[in-house]
Amino acid sequence: MGIDLHPAAWLFIADWTIRLAALAWIPVRSAPAAARSWLLLVGFLPLLGLPLYLAFGQPWLSKERRERQANASRVIAERQQPLARLRWVPHDDSIADDIARLVERTGDFMPMTGNAIALEGDYAASLRRLLDDIDAARFEVHLLYYLMFDDAVGHAVADALAAAAARGVHCRLLLDDVGAKRGLRAHAPRLRAAGVEVRAMLAGGLAWRRSARMDLRNHRKLAVIDRRIGHTGSQNLAEPGFVPGFPNREVVARVQGPAVAQLGAIFASDWYIETGEVLAVPEQPPDAAGTSPAQLLPSGPAYPFANARNAVVALVQRARHRLVLATPYFVPDDATLDALQIAALSGIDVQLILSRSNNQRLTAWAQDSYLGSLLDAGVKVALHRPHFLHAKHLSVDDGIALVGSINLDIRSFALNAELGLLCYDPVVVATPRRIEADCLADAEHLDAAAWRGRPQWRRSLSGIARLADSFL
């Protein structure tokens, strides 16, 4: 004999069954901060929160993708063993020694000397250098980017690739399926017809079920031309107009020397993870082109550790005099937030540079909720005004700089495939120092007392947005 209950009673039972199951299930599968956010959502909206958690609660990747990343890491480690002569050995017990060992153990790549690194903070100039290098390519061009738009920049890059392919240059283009959706639709048919191999990474739509959680993205930006020139940084293949009236400000590194082989290995790894095809990689890296030591820092959910977050926290913790961080999106996890506060309270000159304009409204609201505690601890916070500060870079004292695609947010740390370039040369580090000074010259410098005096509605809005930090 069945139990005859009113529909409202069944709904009540279902609601509380979901809440109790979530309480037992979510905390053992998520970090504490993420678990709190998900439990709050499920507690308020059980019937909505549960399917959202199942879809977005874990940075799920297919077994095949994880195995391919492990295979790629193994090959990278094996290929580096005979290259001991190129290893840069920092002073024992130095900041660089600590960081280089951490990055190599988690991200595969050793620090290599003999590089020439030119950092460019001008959008048009960095784009021009990329196009010139593609135009001068003789046998191979590999591009991997998060965004490629159907605009003047996208068309210029597509034209350069098509012209290179017509000269007999083997061109490959990897684009994120969601971020570069417009570019794939506009350029892929013509480029394929011209002989360029074009592939989409992390397929969107229903195809995501075969590979990864639907919002995991490949956020890297890199180019490798003729295996001797590399580009990496924050700049996409798009016009600098994410925020109308505030053109993007970026930082891009042009690299020559042995580190180009590391950029090539990242492209080959991502190509293999996406397609299953193993690209031919030369046994020997390019000859020395300078004297700068450098090291690549890849990260993403396919790695067993949070490589980017761990490296950033380690850099913050090891600063001795001055630390400058520039990022468009600042939604840190607890470890990063605590490290910044402790550094400032320890007497380190800590400067955080954010963008006054922003193209992610919810992220900007959440970001505001972190600034009060940082200001109270002595962290200097500046909001750059003339541009949308899309650049991501960090400098420690006068000897280490990190540039690349890594934002200081939970998405970059846990969900996106990202890429950073660690530069260990004080001469190279002087360039981001000049870029930082230029950003600070036209910025709003926040005052702790004035920030605490913000209207209550703004503080409440920021606090509510912060509850979604694990989703942003």
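A few notes on this one:
- Looking across GLU283, GLU274, one residue alone is open to solvent by 20 Å² or more (accessible area, probe 1.4 Å), charged (D, E, K, R), over 27 Å from ALA238 (Cα atoms) and at pLDDT below 95. It is GLU283.
- Filter pass, ALA14 being over 28 Å from the mean Cα position of the chain (by Cα), surrounded by fewer than 11 Cβ atoms within 10 Å (Cβ to Cβ) and over 30 Å from ASP397 (Cβ atoms): no
- Under the condition of being in contact (Cβ under 8 Å) with a residue 24 or more places away in the chain and open to solvent by 10 Å² or more (accessible area, probe 1.4 Å), the residues counted in region 146-166 number 13.
- Residue in region 36-50 that is in a helix (DSSP H, G or I), open to solvent by 80 Å² or more (accessible area, probe 1.4 Å), among the basic types (Lys, Arg) and within 30 Å of PRO286 (Cα to Cα) present: no
- Filtered residues of region 17-35 (kept if open to solvent by 60 Å² or more (accessible area, probe 1.4 Å), modelled with pLDDT of 80 or more and either β-branched (Val, Ile, Thr) or touching a Cys at 6+ places or on another chain (Cβ under 6 Å) (or both)): THR17
- Unique residue being on the phi > 0 side of the Ramachandran plot, in contact (Cβ under 8 Å) with a residue 24 or more places away in the chain and either touching a Leu at 6+ places or on another chain (Cβ under 9 Å) or surrounded by 20 or more Cβ atoms within 10 Å (Cβ to Cβ) (or both) when the list is GLY57, GLY114, GLY107: GLY114
- Flag for ASP4 being at pLDDT 75 or above and open to solvent by 80 Å² or more (accessible area, probe 1.4 Å): no
A quick yes/no check of all residues on (1) free of Cβ contacts under 8 Å to residues at least 24 places away in the same chain; (2) of a type in the set (A, V, I, L, M):
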{"position": "PHE12", "(1), (2)": "yes, no"}
{"position": "ALA24", "(1), (2)": "yes, yes"}
{"position": "LEU40", "(1), (2)": "no, yes"}
{"position": "SER62", "(1), (2)": "no, no"}
{"position": "GLN80", "(1), (2)": "no, no"}
{"position": "LEU86", "(1), (2)": "no, yes"}
{"position": "HIS91", "(1), (2)": "yes, no"}
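The values are calculated or read from the model by the stated rules, or taken from the named source; none is laboratory data. No experiment lies behind these values; they were computed from the predicted model shown. Neighbour counts run over all protein chains shown; Cβ positions are idealised from the backbone, glycine included. Each accessible area value is taken on the protein alone, full model and side chains, heavy atoms only, with ligands, DNA and RNA left out. Shrake-Rupley method; radii C 1.70, N 1.55, O 1.52, S 1.80 Å.
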